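Student: What follows is a single structure, and I will ask about it in a moment.
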Amino acid sequence: MSGAYGMAASRPLSDETAAMATGAVETPVRALSVDRLTLTDFRSYAHLRLDCGPASVILTGANGAGKTNILEAISFLTPGRGLRGAPLAEPSRRDAGEPAASGRLWAVAARINTPDGPRDLGSGRGIHEDGGRQRRRVHIDGEAVSTQAALAEVFSVQWLTPAMDRLFLDGATARRRFLDRLIVGQDAAHSGRVLAYGHALRERARLLRGQASADGAWLDALEDTMAAKGVAVAAARIDLVGRLNAVAARPLGCFPGAELVIAGELESWLADGPALDAEDRLRDALRSSRIQDAVNGGAAQGAHRSDLIVRHLANGRTAAECSTGEQKALLVAIVLAAARMQAETRGAAPGLLLDEVTAHLDAERREALFDEITALGAQAWMTGTEAALFEGLQGRARFFTIDGGRVWES
């Protein structure tokens, strides 16, 4: 074993799980899973290698031990800024008092099991050839690729974190991002559309801040991009919500049925007529609101103004009106429904990153969650302070303890 990874006396796995983990038997791959994970200068880890196989992984240790850092590293194997939404330099390992923009270039690499065979993914922080500008580096099967959106063609994960416990109470931005991640699991191209729309939105706002010298032709081009990409994003959200509702409406054990609605003016335009008409309406709205948007910032209309509304079908209340425990159960139910749908449509369940997932779940719901993960065949990475919370996964998962920068199987 190399780096910070060490092996202690292991708790026995079931025969089937042990064989899968060691590669001793051939089993059909029904899920995307991390077979081997390597971190370099990532958060609290100078170097870490975990050989875990396709079984689910339980990470336990004290608060601040570095459990969430491992989940975040896996999330960087997909497009976007990871489960913490961190700027590119932030995950760089640094000593006490050292700034985040230190010279260390973090990297995450993994061997991924897929239905088409093993694939190698890499992601990290790089410096542009000019020596100043930072950039996201992405490699697939040893070859550099120009866009992080390509990762979604190979690997997909969904996650739940403690910060998401307020998803239904805080602003709409987090709910849109949550929905967009669910869509990427079904449609890998969606991440590229979202990134292109966001880039055009930011560039337009930058130009409008200096309105006196704004280039009208460039504004037209950016608004054309926002219209085309924004309508495509909205259409994908409408499509996903419609299909997901058919799955999420059915209660899963003690998890409630849920109804999702995507609400926004752009979505209403799509309901009223063809996509080309919605593009024209958004393009016209953007051009007529330039002065207002220059003062207020952003754009008054577009795909970034939509919201996701969720309703608890058993009690009829919106998620925002539900108790903390009910909101957690709704979130789990939606993620599991999306995973089931992805397993059916793409032939492989996504990976699941469940940080402190047992918070606000009683014993019955914990067991229901573990049973559904097993039924899906999904690989879940779960964290907690006590292994006893995951007792129902003994023999079905691999347990690792984290302490003082060391990780060992327990």
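Student: What is the one condition in (1) in contact with a Gly (Cβ under 7 Å, 6 or more places away or on another chain); (2) closer than 22 Å to S33 by Cα; (3) basic (K, R); (4) touching a residue at least 60 places away in the same chain (Cβ under 8 Å) that R366 does not satisfy?
Tutor: (4)
Student: When the residues of the stretch 12-71 are filtered to those that are of a type in the set (V, I, T) and modelled with pLDDT of 95 or more, which remaining residue is farthest from F390 (Cα to Cα)?
Tutor: Filtering first and then ranking leaves T40.
Student: Continuing with the same structure: What about A152, is it within 25 Å of I238 (Cβ to Cβ), free of Cβ contacts under 8 Å to residues at least 12 places away in the same chain and under 13 Å from the mean Cα position of the chain (by Cα)? Talk me through it step by step, then tell me what you get.
Tutor: Values: within 25 Å of I238 (Cβ to Cβ): yes; free of Cβ contacts under 8 Å to residues at least 12 places away in the same chain: no; under 13 Å from the mean Cα position of the chain (by Cα): yes.
Considered against the rule, which asks whether it is within 25 Å of I238 (Cβ to Cβ), free of Cβ contacts under 8 Å to residues at least 12 places away in the same chain and under 13 Å from the mean Cα position of the chain (by Cα), A152 comes out as no.
Student: Listed residues A228, A221, A214, A234; which is modelled with pLDDT under 95 and in the same structural domain as E326 (by TED's automatic domain parsing)? Please lay out each step first, then the result.
Tutor: On the way: A228 fails: modelled with pLDDT under 95; A221 fails: modelled with pLDDT under 95; A234 fails: modelled with pLDDT under 95.
Only one candidate qualifies: A214.
Student: Could you tell me which of the residues A329, A278, A294 is at pLDDT 95 or above, small (G, A, S) and either in the same structural domain as A205 (by TED's automatic domain parsing) or part of a loop (DSSP other than H, G, I, E, B) (or both)? If you could, list the steps in order and put the result at the bottom.
Tutor: Numbers: A329 fails: at pLDDT 95 or above; A294 fails: at pLDDT 95 or above.
Criteria check complete, one pass: A278.
Student: Another question, if that's okay. Report, by residue number, each residue of the stretch 153-174 that is surrounded by 21 or more Cβ atoms within 10 Å (Cβ to Cβ) and either part of a helix (DSSP H, G or I) or of a type outside the set (A, V, I, L, M, F, W, C) (or both).
Tutor: Passing the criteria: S156, Q158.
Student: What are the pairs with Cβ atoms under 9 angstrom where one residue, in the stretch 236-264, is in contact (Cβ under 8 Å) with a residue 24 or more places away in the chain and the other, located anywhere, is of a type in the set (V, I, T) and surrounded by fewer than 19 Cβ atoms within 10 Å (Cβ to Cβ)? Sequence gap at least six, or different chains.
Tutor: Here the result reads V241/V261; R243/T345; E259/I309; L260/I309; V261/I309; I262/I238; I262/I309; A263/I309, each pair linking the stretch 236-264 to a residue that is of a type in the set (V, I, T) and surrounded by fewer than 19 Cβ atoms within 10 Å (Cβ to Cβ).
Student: Assuming L336 fulfils every condition listed in (1) modelled with pLDDT under 95; (2) part of a helix (DSSP H, G or I) apart from one, which condition is it?
Tutor: Every condition holds for L336 apart from (1).
Student: Tell me, yes or no, whether the stretch 238-246 has at least one residue that is aliphatic (A, V, I, L, M), under 21 Å from S289 (Cβ atoms) and assigned to a helix (DSSP H, G or I).
Tutor: No: the stretch 238-246 contains no residue that is aliphatic (A, V, I, L, M), under 21 Å from S289 (Cβ atoms) and assigned to a helix (DSSP H, G or I).
Student: Could we say that Q186 is crowded, with 19+ Cβ neighbours inside 10 Å, closer than 26 Å to L352 by Cβ and assigned by TED's automatic domain parsing to the domain that holds A299 here?
Tutor: Values: crowded, with 19+ Cβ neighbours inside 10 Å: yes; closer than 26 Å to L352 by Cβ: yes; assigned by TED's automatic domain parsing to the domain that holds A299: yes.
Considered against the rule, which asks whether it is crowded, with 19+ Cβ neighbours inside 10 Å, closer than 26 Å to L352 by Cβ and assigned by TED's automatic domain parsing to the domain that holds A299, Q186 comes out as yes.
Student: Which residues, taken from the stretch 138-152, are surrounded by fewer than 15 Cβ atoms within 10 Å (Cβ to Cβ) and in a strand (DSSP E or B)?
Tutor: Scanning the stretch 138-152 gives E143, A144.
The values are calculated or read from the model by the stated rules, or taken from the named source; none is laboratory data. Keep in mind the model is a prediction, meaning the values are calculated, not measured. All Cβ positions, even for glycine, are placed from backbone atoms using ideal geometry, and neighbour counts span all protein chains on display.
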